[in-house]
1. Condition first: touching a strand residue (DSSP E or B) at 6+ places or on another chain (Cβ under 7 Å), modelled with pLDDT of 95 or more and surrounded by fewer than 21 Cβ atoms within 10 Å (Cβ to Cβ). Can you find one or more residues in region 185-192 that meet it?
2. When you scan region 116-126, how many residues do you find that are more than 13 Å from the chain's Cα centre (by Cα) and buried (at least 21 other Cβ atoms within 10 Å of the Cβ)?
3. Specify the residue that is surrounded by the most Cβ atoms within 10 Å (Cβ to Cβ); the eligible residues are those in region 131-144 that are in contact (Cβ under 8 Å) with a residue 40 or more places away in the chain and out of contact with any Phe, Trp or Tyr (no Cβ under 9 Å at 6 or more places or on another chain).
4. Name the single residue, out of those in region 99-129 being modelled with pLDDT under 95 and among the aliphatic types (A, V, I, L, M), that is farthest from residue 224 (Cα to Cα).
5. Just to confirm my filter: which helices (runs of 4 or more DSSP H) fall fully inside region 30-143 and include at least 2 residues that are away from the ligand (no atom under 16 Å from the Cβ) and acidic (Asp, Glu)?
6. When the residues of region 216-240 are narrowed to those that are among the hydrophobic types (A, V, I, L, M, F, W, C) and part of a helix (DSSP H, G or I), which ends up nearest to the chain's Cα centre (by Cα)?
Amino acid sequence: MAVNFRRAIARTAQELDQLAGFWIGRLRPGPSEAVEQAGWRADRPDAYCSRCGSSVGPGEATITGCGHCRGQTVGTDRIVRLGAYEAPLRDWVKGVKYERWGPMGAYLGHRLGEALSASEEIDRERAVVIPIPMPWTRRVFRGIDHTAVIARAVAKVLDAPLAKVLARRPGLPQTQLPRADRRRNAHRGMGQRFRPGGWPLEDLDLILIDDVRTTGSTLRAAARRLRPLRPRMILGAVIAVADEPARRGRAE
Ligand SMILES: [Zn+2]
């Protein structure tokens, strides 16, 4: 009974995703128009650390990471990002997440797919796109499953299957927790109801999709659940990476 109810809710949420694109599309400029107006460009791969995604200066990051992540467990093997979590990218991500700006989610997903296509790390024949899920309760309240919208666009560009193999229990959103609590929360909430869903992931290149990497705890926890399935590699693909305040200060 509870399962059927949940399924019905999930279906409704999916329909809402589609509706969201329709309604908001009438109130906002088109995504490419907004991007052009802002003069925004996606980061080149050398603008950030390929291990943790933090912004770096020339020569600051190597294959073993940067000053921020070297020697630390990040969970994923590589990170691909579109930019730092700053305006205007930050406002677009918020628009997708909190105001159901579906078309912008699909646009940014498309751009992320292009960035992944350019990466030599991924073998497209083995690529599987996996969205970081949100608890179904939150999805219903927000009316959009933003990571699923982004992941669908990525999968389309890469011509790769979309596999919703992770599930997450309801809990407080990461953004409402103090930074120190986020890691613990992510470990507890992510993947406890993990469903492999009949996908054999062995020897495949898993592309984990999230909107923003903040502390990295969500991606780390998800990767921990997927690693035992023996993929060839696990790559985190995010729209934006929030740099440490200290790092941001230095950059400014
Ligand atoms: Zn790093």
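The values are calculated or read from the model by the stated rules, or taken from the named source; none is laboratory data. Everything quoted here is computed from the prediction, not taken from an experiment. When we count neighbours, we look across all protein chains shown, and the Cβ atoms used for this are built from the backbone with ideal geometry, even at glycine.
1. Looking through region 185-192, none of the residues is touching a strand residue (DSSP E or B) at 6+ places or on another chain (Cβ under 7 Å), modelled with pLDDT of 95 or more and surrounded by fewer than 21 Cβ atoms within 10 Å (Cβ to Cβ).
2. Residues meeting the conditions: 1.
3. 131
4. Restricting to residues being modelled with pLDDT under 95 and among the aliphatic types (A, V, I, L, M), the top hit is 118.
5. Correct list: 31-38.
6. Of region 216-240, the ones among the hydrophobic types (A, V, I, L, M, F, W, C) are 219, 221-223, 226, 229, 233-235, 237-240.
Filter once more, so that each one left must be part of a helix (DSSP H, G or I): 219, 221-223, 226, 229.
Working: 219: 8, 221: 13, 222: 11, 223: 13, 226: 16, 229: 20 Å.
Selected residue: 219.
This table checks each residue for (1) modelled with pLDDT under 95; (2) under 30 Å from residue 137 (Cβ atoms).
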| site | (1), (2) |
| --- | --- |
| 17 | yes, yes |
| 26 | yes, yes |
| 32 | yes, no |
| 35 | no, no |
| 46 | yes, no |
| 64 | yes, no |
| 67 | yes, no |
| 92 | no, yes |
